[in-house]
Each structure stands twice: as structure tokens, then as C-alpha cells.
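The block underneath contains the structure these notes are about, expressed in C-alpha cells.
Coordinate-derived values only; no laboratory data. Just so it is clear, the model here is predicted, and its values are computed rather than measured. Heads up, the Cβs are rebuilt from the backbone with ideal geometry, glycines too, and the neighbour counts pull from every protein chain shown.
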Amino acid sequence: MSELLTRRRLITTGLAAAAGASGLAVAARLADRYSLIPPDHRGLFGAGETLTYAAHRILTAHHSLAREFERSQISKVIPVNGKHPEVESYQRLQAGGFADWRLTIDGLVARPSSFSLADLKRFPVHSQITHQACEEGWSFIAEWTGARLSDVLNVVGVQPQAKWVFFFTIDQWWDSLDIPDALHPQTFLAYGMNGQEMPLDHGAPVRLKVARQLGYKSLKYLSRITVTDTMKNIGDGLGSGSPSTGYSWYAGI
Amino acid sequence: MAESVQLHELAIPEVNVSDALRHSAVVRVTHWITTISFLALLLSGIAILLAHPRLYWGETGAREGPSLIDLPLPFVLDVPIRGPGRYLHFLSAWVCVLTGLFYLLYGFFSRHFRKNLLPSKDDFSWRVISPHLRLTRPKPEEALKYNGVQRLAYIAVVFVLFPLMIWTGLGMSPAVTSVFPWLATTFGGQQSARTIHFFVTIVLVIFVLVHIIMVFRAGFIARVRAMITGRVAAAKEHS
């Protein structure tokens with residue numbers, strides 16, 4: 001009887017292993033097809049990142065909105081995480097009231113364009129009072145005002161094969177969003193904060209605001225946007241400068 | 001000669017005990033995977049905490065404002081969180097959660113919870129409880145089933161503490177709370193969830209420490225062997 005049991009167990013184990021392996025292969029193909037794989041998916045830690053990213057993409061597929069708050073809940077003290085860039089090009093822009101600042105948008109778009117601050121302010125104005133948390137643990141609530149990135153991208157015409165939207169800053173940083181987050185109604189090109197022009201240390205003249213991800217995804221001091229279908233050839237190919245410092249590309253946690 | 005010794009040993013009644021399967025394979029495997037992932041979560045959690053060892057209540061909190069508790073720990077930003085701390089935390093969280101789900105399904109369908117974890121009335125007479133509360137050494141026959149205090153402790157860990165950890169962990173996620181806002185609002189906000197996440201960790205660490213002390217008092221080698229091989233080997237514990 002015990003022999004029978006072991007043989008049966010061996011067969012079931014074998015079948016389960018085969019089913020598991022082919023199931024994994026099918027899951028990997030499906031995940032790739034439905035864009036459920038983040039750029040930092042390699043290695044042991046990549047498995048955790050892929051599970052988180054895929055789970056969130058499925059969970060938020062109906063474009064769920066980040067929690068919004070009352071004006072009375074806006075934080076009295078807004079923490080500053082790093083001062084504005086000290087480079088000469090930034091100081092020149094600042095001296096001119098950012099009148100010479102331009103945001104260029106290129107890559108897989110029908111009409112590559114360049115926008116001034118005044119151009120961006122001509123788009124429908126939107127506001128959100130949302131929570132911004134740092135990976136470190138601190139957080140604050142503020143009101144952000146700006147143009148929806150989706151409105152701007154509609155004007156330049158994103159091509160259908162596009163998969164990623166890359167952002168570059170005056171202080172030489174870069175990050176990227178997938179199309180669902182780029183077109184999300186709470187993803188802003190924000191030029192105002194708490195009813196004022198964007199303060200210098202918070203990203204003047206224009207910063208990105210991504211409400212459903214941690215603060216480090218909301219890049220300050222934007223200078224260029226590139227729409228692509230691949231992450232290769234940009235930085236180390238991980239979609240952002242963050243993974244090399246231990247912060248994952250996807251920051252929805 | 002050797003044969004007769006073996007026969008003699010076989011004649012001892014406890015040998016039946018030693019043959020009894022104490023822990024099923026699923027319980028043993030999930031126990032050790034959970035042990036490893038809990039340790040990884042704890043270490044990476046400490047690394048993440050050190051980036052900002054202050055706790056708050058409500059929705060927001062920062063160094064510039066008031067805190068609930070200033071932990072007597074240094075702010076260490078560069079070493080831990082920029083190493084593998086954060087990536088490790090989420091990988092081991094997935095391992096822990098998936099293992100836990102598998103264990104829950106098994107526990108319900110195999111009646112493991114009903115048979116082994118659900119305490120009966122008899123488990124709670126003072127005569128039965130008081131020696132446990134004084135952490136006295138358990139009798140050998142107690143190796144065969146969990147006592148009432150043990151049952152309650154395990155039920156609390158499986159059905160209250162671990163779910164609270166997952167809940168408060170998800171309550172800190174801006175993406176997950178966009179779908180389920182109550183994960184954060186139930187506790188009064190994202191920072192409250194973070195604070196509870198910390199205190200439930202402390203309770204879990206205390207549980208693990210008491211658990212290890214009790215295993216030592218009950219006979220470390222025999223109990224750990226039982227959790228690895230599934231067999232009790234109570235006979236050896238006698239001598």
C-alpha cells in the first residue's frame with residue numbers, strides 16, 4: 001500500500017510540477033501581453049516587484065482615483081526634500097521668471113512640440129488636494145494645480161505603439177510612467193501649489209504630480225518628455241534613476 | 001546484542017508516541033517558510049524604519065511637525081533603505097502572504113483549525129491555565145497537542161495579528177487605497193496605519209520570543225525535530 005501511495009504521490013507531484021511550470025509560462029506571456037511586467041523585474045527581488053505591479057495594474061484597471069481631502073486638511077508645514085538646483089541654467093531661468101522655460105515633448109508623438117509656462121496654463125486648469133508620502137515614511141497633504149498630462153499628450157498625439165512616457169529634469173534626473181498612469185486624470189503637470197506659483201524647492205516652474213504613487217515619482221523641475229515603446233538606451237534601461245538607489249521603478253507600493 | 005537493545009526500546013509504550021505524526025507536512029513547510037519570510041520582513045522593516053524613526057497619528061507627519069513618538073533610534077538614510085531593504089521587504093511580504101493564504105485554505109479544508117487550534121471549554125479551567133501563564137515546563141504528553149493558551153496565541157497570530165499587518169501595510173499604499181480607501185481611513189489615516197504596522201510588529205516579535213522560550217523549556221531539539229520531521233520522539237525527551 002505504501003508503495004502504491006508513493007508512486008501515486010510521485011505521479012501527482014510530477015503532474016503538479018508540470019502544470020505549475022506551464023502555468024508560469026502562460027502567466028508570463030499573459031503578463032507581458034497585458035503590460036504587467038515592470039522594468040526592474042529581473043533577479044530575485046524582481047519577482048516581488050512584478051507581483052506588486054501586476055496586482056496593482058489589475059486592481060486599479062478601472063482608473064481608481066487617489067483619495068482627495070478637504071482644504072482644512074492641507075498640512076500646515078510642508079516638508080522640503082532637497083533644495084532647488086544650483087546650476088547656472090536654472091538660475092538664469094529663475095531670474096527671468098521662467099519666461100524662457102520650455103517643456104519639449106518628443107518621441108512617438110504625431111506633433112513634437114515645445115510648451116512655455118503660459119502655454120501650459122492655457123490648458124483646462126485642474127486641482128487636487130492629495131496626500132504625498134515619501135518612501136522614507138513622512139508625508140503631507142497639499143493642493144496641486146496644473147494641466148492634466150493627458151490633455152497635453154492629446155494635443156501632441158501619442159502614437160498607438162507607445163508604452164512609456166519618460167520625464168527628464170533640469171537637475172539631470174529621469175523617471176517614467178506607463179500609459180495608464182500617464183493618462184490618469186490625477187497625473188498633472190503642476191505649476192501651482194496651495195494657491196501659489198510652484199515654490200522653487202517644490203519643483204518650479206513645473207513638476208510632475210502622480211497621485212497614486214509615492215512622492216519620488218513626482219519629479220520636480222521638468223524639462224523634457226519623451227514618449228517611447230522601449231526603455232532600452234535610456235539610462236540603465238530600468239525606466240528610472242531610482243532602482244539603482246534601492247527604490248523600485250513602480251512606486252504604488 | 002544491538003538487536004535486543006532495539007527490541008527493548010520498541011517495547012516502551014512511548015515508542016508509539018514517537019511514531020505519531022505530530023505536524024502535517026503543510027504545517028511544517030508553511031511554518032518554516034513563514035519563519036524565514038518573517039525574519040526577512042523584520043530585518044528589512046528595521047532598515048525602512050531607520051530612514052525615519054518617528055511615528056505619527058492621522059493622515060500626515062513629517063520631521064518639521066509634531067510626532068506621536070520619537071523612537072530612540074538614529075535617522076539612517078543611506079545605508080539600509082538604499083540597499084536591498086525595500087526590495088527585500090516587498091518580496092518577503094509576497095512570500096509570507098501567499099504562504100499564509102495556502103495555510104489558511106489548508107487549515108479550513110483539512111479541519112486543522114477546528115481540530116488543533118480551536119480551544120475547548122476544558123482548556124480554560126484555572127488548573128490547566130495557571131501553569132502555562134507561569135511558563136512552567138510542559139509535561140511530555142503535552143507534546144501531542146496544543147494547550148489552551150497555545151491555541152489562543154496561535155489563533156491570535158493567524159487570524160488577528162498577520163491580517164492586521166497586511167491591512168496596515170496596504171493602508172500605506174497610495175495605489176491600493178485609491179481602490180479601497182477604508183484600508184487607511186478606518187485607522188484615521190495613512191500615518192496611523194504606519195504606526196499600527198510598527199506596534200503589531202512589536203507584538204509579533206514578543207510572540208516569537210515567548211514561542212522560542214517555550215520551545216526551549218519543552219525540549220528544544222525534540223520540538224524543533226518535530227516541526228522538521230513531523231515526529232514527536234517523546235521517548236527521548238524522558239531520559
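Residue B:216 to residue A:42: FRET efficiency via 1/(1 + (r/R0)^6), r the Cβ-Cβ distance, R0 45 Å, to the nearest 0.05?
0.60
Show me the ranking of peptides B:122-128, B:150-156 by mean Cβ neighbours inside 10 Å, starting with the highest.
The densest-packed peptide leads the list: B:150-156, B:122-128.
Could you please tell me the mean projected area of the C-alpha convex hull for the protein assembly as shown, averaged over all directions and given in square nanometres to one decimal?
30.0
If you count, for each residue, the other Cβ atoms within 10 Å and average over each peptide, how do A:187-193, B:179-185 line up from highest to lowest?
A:187-193, B:179-185
Please report, for the Cα atoms of the range B:159-208, the Rg to one decimal and the Dmax as a whole number; what are they, in angstrom?
Over the range B:159-208's Cα set, Rg and Dmax evaluate to 10.8, 34 Å.
Work out the mean other chain Cβ neighbour count within 10 Å for the residues of A:213-224 and drop it here as an integer.
Per residue, the average neighbour count from other chains is 1.
Average projected area of the Cα convex hull of the range B:90-226, in nm²?
Its Cα hull, projected and averaged over all orientations, spans 10.2 nm².
At a Förster radius of 60 Å, what calculated FRET efficiency corresponds to the Cβ-Cβ distance of residue A:81 and residue A:6, to the nearest 0.05?
For residue A:81 and residue A:6, the calculated efficiency is 0.50.
Can you give the FRET efficiency for residue B:76 and residue A:28, using 1/(1 + (r/R0)^6), R0 = 45 Å, r = Cβ-Cβ distance, to the nearest 0.05?
0.75
How many nm is it between the label spots at residue B:229 and residue A:245, if each spot is 7 Å from the Cα in line with the beta carbon?
5.3
Average partner chain C-beta neighbours within 10 Å, per residue of A:246-253?
5
So what's the back-of-envelope 222 nm ellipticity for chain A, counting only DSSP H runs of four-plus at -39500 (n - 2.57) apiece and dividing by all residues, rounded to 500?
About -9000 deg cm²/dmol.
Obtain the nm distance between the two label points defined at residue B:209 and residue A:110 by a simple spin-label model: each point lies 7 Å from its Cα along the Cα-to-C-beta direction.
6.6
Return the average number of partner chain Cβ atoms within 10 angstrom of each residue Cβ along peptide A:49-62.
Shielding by partners across A:49-62 averages 3.
Select from B:161, B:71, B:144 the residue whose mean-square fluctuation is largest in a Gaussian network model of chain B (Cα-Cα springs shorter than 10 Å).
Looking only at B:161, B:71, B:144, the largest GNM fluctuation is found for B:71.
Can you give the calculated 222 nm mean residue ellipticity of chain B, where each DSSP H run of n ≥ 4 adds -39,500 (n - 2.57) and the sum is split over every residue, rounded to the nearest 500 deg cm²/dmol?
The helix contribution divided over chain B gives -19500 deg cm²/dmol.
Viscosity 1.567 mPa s, temperature 4 °C: what is the translational diffusion coefficient of the range B:51-127 from Stokes-Einstein with a Kirkwood Rh over Cα pairs, rounded to a whole number of µm²/s?
76
Within the protein assembly as shown, what is the number of lysine pairs with alpha carbons under 15 Å apart, leaving out pairs fewer than eight places apart on the same chain?
Final tally of qualifying lysine pairs is 6.
Per the Kirkwood treatment, what hydrodynamic radius in Å, one decimal, follows for the range A:15-139 from the mean inverse distance over all distinct Cα pairs?
Taking the inverse mean of 1/r over all distinct Cα pairs, the range A:15-139 comes out at 20.1 Å.
Give the Rg (one decimal place) followed by the Dmax (whole number) of chain A, computed from C-alpha coordinates and expressed in Å.
When restricted to the Cα atoms of chain A, Rg and Dmax are 21.8, 88 Å.
With a bin width of 10 angstrom, please list the P(r) values of chain B as percents of all Cα-Cα pairs, from the 0 bin to the one holding the largest distance.
So the P(r) values, bin by bin, are 7, 24, 30, 20, 13, 4, 2, 0.
Describe numerically, in nm with one decimal, the distance between label points set 7 Å from Cα along Cα→Cβ at residue B:106 and at residue B:29.
It is 0.7 nm.
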